[in-house]
Amino acid sequence: MRKLVLATAIGAVMLSGSALAAKPTSISYSSKGTTTEGVEFANYTVKCSNGKRQPLTAWNKRKKWCVGQESQELCHKKQMKAAKAACKLD
């Protein structure tokens, strides 16, 4: 019985921790640019629920979204997935 109560308590704490993770509250356009190879990209800023701001870069006419300024790492096909990943960084 004690083990069941302990397991339930641990599960509740783990769930509450993920519920408190920072989430994107807004995404705004910052600037556009071109790489030295001539590839165009756009920079965006994600405002997170914890008050932090994170950069996103859109490539391929906004078909590829990457976390970071002019980055091509930690990329997603959807803007919202990239924004959520950016807010989870800190």
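No lab work stands behind these numbers, since they all come straight from the coordinates. What you see is a predicted model; the values in this text were computed from it and never measured. When we count neighbours, we look across all protein chains shown, and the Cβ atoms used for this are built from the backbone with ideal geometry, even at glycine.
Provide the packing ranking of 33-40, 79-86, 44-51, i.e. peptides ordered by the mean count of other C-beta atoms within 10 Å per residue, highest first.
The most tightly packed comes first, giving 79-86, 44-51, 33-40.
Determine the alpha carbon to alpha carbon distance for each of Lys61/Lys88; Lys32/Lys81; Lys23/Lys78; Lys64/Lys84 and list only those over 19 Å.
Beyond 19 Å between Cα atoms: Lys61/Lys88; Lys32/Lys81.
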